[in-house]
Every structure is written in C-alpha cells, then in structure tokens.
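Engineer: One structure follows; several queries about it will come next.
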Protein chains: 2
Amino acid sequence: MGKDHQKPTDAELEILQVLWQTGPCSVRQVHDTLAGGRDVGYTTTLKLMQIMAEKGLVRRNTDTRSHIYEAVVAEQDIQQHLLRRFVDTAFRGSAMNLVMQALGQHNAGSEELDEIKALIQRIEQGGNADSDNPPT
Amino acid sequence: MGKDHQKPTDAELEILQVLWQTGPCSVRQVHDTLAGGRDVGYTTTLKLMQIMAEKGLVRRNTDTRSHIYEAVVAEQDIQQHLLRRFVDTAFRGSAMNLVMQALGQHNAGSEELDEIKALIQRIEQGGNADSDNPPT
DNA sequence: TTGACAATACGAAAGCCTTCGTATATCTTT
DNA sequence: AAAGATATACGAAGGCTTTCGTATTGTCAA
C-alpha cells in the first residue's frame, strides 16, 4: 500500500547517491561531495534537499544546527522502480532485451559473469529464489 | 562532428517507438496509435514531431500533403545511449548490478534465459570482440 | 465554385526542475 | 560583546517540456 515512491529527478538522484554512500550527513557534506564534479552553489543543494524532505524522499533531524539528512527510501527500491520504468519506456517492457544489451555493451569480468550464471541457475531451479540478497 | 545523439524526452520516445514499430508514417497514424492509451490532442502530437524534426531526431518528407515522418536514429542506438546514461545515474556505473536486478525482477522464460546463457558463452569465449570502448 | 474536412504552422500558456540571491538566525573566536 | 563565518528559509527567475487554441492552407466532392 505504501505508495511512497515518486520518481526522483536527476539532481535528486545525485543527492541520494551521496546519502546512500556515506550515510546520514549534513547539507554541507553532500554539497562538498557533489561540488567535486559539478559547479553549483551551496544554496542550490540546500534547496533541493529541502524539497526532497517535503516530498518525503529524505528525512531530516533538525535538533542540531546543521540538520542531518538521511535517505528514506532504500537504494534498491529506487533502482527497482526506475528500472521498471526505464524498461517500459525505452525497451517496450522487454527486460530481457535490456539485459542482453547491457551485457553486450559492458565487457564483464569472468567473476561477474559467474554471478549472473549463478543467478540464472537459481531462477531456473527455484522459480523464484531470492532468499538471500546477494551483495552488491 | 556528428553529435546526433540528444536524449529524447519521454514524449519524444513514445513517438519514436511508434515510428520504429510501424516504420515511416504520418502524424495522424502516430497520433491514432498513441491516442489509444493516452488522451492528447492531435496538434500536440504534431507539434512534438515538428520539434523532433528540428532537433534531427526524425526526418520528414513534405512532398505529400500529409508529411511522412521517419526516425533518423536507430532504436538500438538510442537504447544504448539511454542505457549508458541510466546505468551511470541510477546504478553508479555498474551495469552488472543492473543486469542482476533486471533478471531478479523479471521472471524470464527458459528460452530467454537460454539466450542469455548463449550470450554469456559467446562473451566468455570470444574474449572481447568489440572492446573499443574506452572507459571514462 | 463553394462548403466541409483535414493538415500544417505558430504562438503562447502551464507545469516542473534547477539555480541563485538575499534575509535571518546561530555559532565561534577574539 | 562584536565581527565574521556558517546555517536555514524563502522567493523568484530561467529553461525546458508538454499542451492546446487558432489561423492558414490544401483537398475533395457535389
């Protein structure tokens, strides 16, 4: 029932990446991390994160002076959601097509290929075996 | 330099899907196809396709009264482009991660899985046939 | 020819995302 | 306590996408 998922925008996703990677942190930290690659004002990052708080994408603790933000949604959940959407719009719903292209485009190492083979085996056997979450 | 690839917007992508699927056709055809699921005015579709022509996403033949549009870019090219972008923004560049999630989320038929296995085999054996992809 | 219909061209509004400037409050250091 | 640095709040501008209304032009049949 929790219809939380809204589609984060590109800028929001960038911020979420930082929060996911480094855990809860201040606007300053997020901004400094981002400012390495981009060139954007501090208040821009601040504003975005405020909006994200309004949207419910992040939660913030306002006890301390510099508020501490943390992602509300799990990275995998967002990825699932975006992936589904992406498959629909760009691949006409064919996830398999996407997988094939992704495999072809990316030169995967043998370990990664092994992982995939293992996953395929699990799917073939158990029908739906997602018992444990394979690490990223 | 051919910097053809711009990222098509969502609406543009929908139109491209029609063009890819049915081949060159008129605005009317595209609109009727789209109007099945959406609810949008004819001139909206027209305008979008005109803009797409300006951007170089589609080409049009104006000899006949109702212009005939056709996609300039190949579906696979756009998919590649979008996929790359998507992997970067949503999966931090890890195509393998995306593949795993896509496989897990979609319950694939055995034939599809076989296809993937075949592709993996080809990759494993042939090493990297097309490895002219310099990483960024 | 004229009336009805269909197609294109074009301007402009509405909505969303991103960006920043500025005002205000709080902390720190001397 | 005062100055300077740092934080948040907030409004508003600029861009881009999507949408549509309206004008104009072309087509076909009676």
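Engineer: Let me know the shape class of the stretch A:1-58, please: from the alpha-carbon gyration tensor, a ≥ b ≥ c as square roots of the eigenvalues, rounded when a/c is under 1.5, otherwise prolate if a/b is greater than b/c, or oblate.
Structural biologist: Judged from the Cα gyration tensor, the stretch A:1-58 comes out prolate (a/c at least 1.5, a/b above b/c).
Engineer: On the protein heavy atoms, probe 1.4 angstrom, tell me the percent of accessible surface of the stretch B:1-125 carried by carbon and sulfur. Before the final figure, lay out the partial values.
Structural biologist: On the way: 3200 of 7090 Å².
Roughly 45 percent of what the probe reaches on the stretch B:1-125 is carbon or sulfur.
Engineer: Continuing with the same structure: For helix A:10-22, what angle does its Cα long axis make with the longest principal axis of chain A, in degrees from 0 to 90 and rounded to 10?
Structural biologist: Between helix and principal axis, roughly 90 degrees.
Engineer: Still on this structure: Quick check: pseudo-label points 7 Å beyond the Cα along Cα→Cβ at A:Thr64 and A:Thr44, how many nm apart are they?
Structural biologist: 2.6
Engineer: Then there is this: With the other protein chains left in place, how much accessible area per residue, in square angstrom, belongs to chain B at a 1.4 angstrom probe?
Structural biologist: Per residue, chain B has 60 Å² of solvent-accessible surface.
Engineer: Once the Cα gyration tensor of the stretch B:75-126 is found, what semi-axes does its equivalent ellipsoid get, as square roots of 5 times the eigenvalues, in whole Å, sorted largest first?
Structural biologist: 21, 14, 12
Engineer: Moving on. Based on alpha-carbon atoms only, what is the radius of gyration of the protein assembly as shown relative to the globular estimate 2.2 N^0.38 Å? Don't jump to the answer; show the numbers that get you there.
Structural biologist: Values: Rg = 21.5 Å, N = 272, 2.2 N^0.38 = 18.5 Å.
Dividing the Cα radius of gyration by 2.2 N^0.38 Å gives 1.16.
Engineer: A further question follows. For the B and A pair, go ahead and give the buried accessible area with a 1.4 Å probe, both sides summed, in Å² to 100.
Structural biologist: 4500
Engineer: Could you derive backbone 3J(HN,Hα) for the stretch B:38-47 from the dihedral phi with the Karplus parameters 6.51, -1.76 and 1.60 (θ = phi - 60°), listing whole Hz in sequence and x where the residue is Gly or Pro?
Structural biologist: 8, 9, 9, x, 4, 5, 5, 4, 4, 4
Engineer: How big is the charge dipole of the protein assembly as shown about its Cα centre, in debye rounded to the nearest 20, if each Lys and Arg gets +1 on its Cβ and each Asp and Glu gets -1 on its Cβ?
Structural biologist: 1040
Engineer: Quick one: helix B:110-126 against the long Cα principal axis of chain B, what's the angle to the nearest 10°, folded into 0 to 90?
Structural biologist: Taking the Cα atoms of chain B, the angle to B:110-126 is about 70 degrees.
Engineer: If we hang a label 7 Å off Cα along the beta carbon direction at A:His67, how far is it from the matching labels on the other copies, in nm, shortest first?
Structural biologist: Label-point distances to the other copies, shortest first: 4.8 nm.
Engineer: If each label sits 7 angstrom from Cα along the C-beta direction, how far apart, in nm, is B:Thr22 from its counterparts in the other copies?
Structural biologist: Sorted ascending, the copy-to-copy spacings read 5.1 nm.
Engineer: Okay, next question. Can you tell me the FRET efficiency between A:Asp32 and A:Ala74 if r is taken as the Cβ-Cβ distance and R0 is 30 Å, rounded to the nearest 0.05?
Structural biologist: Using R0 = 30 Å, I get an efficiency of 0.80.
The values are calculated or read from the model by the stated rules, or taken from the named source; none is laboratory data. For clarity, every value in this text was computed on a predicted model and none was experimentally measured. Heads up, the Cβs are rebuilt from the backbone with ideal geometry, glycines too, and the neighbour counts pull from every protein chain shown. Areas reflect the complete protein model, heavy atoms only, side chains present, ligands, DNA and RNA absent. Shrake-Rupley method; radii C 1.70, N 1.55, O 1.52, S 1.80 Å.
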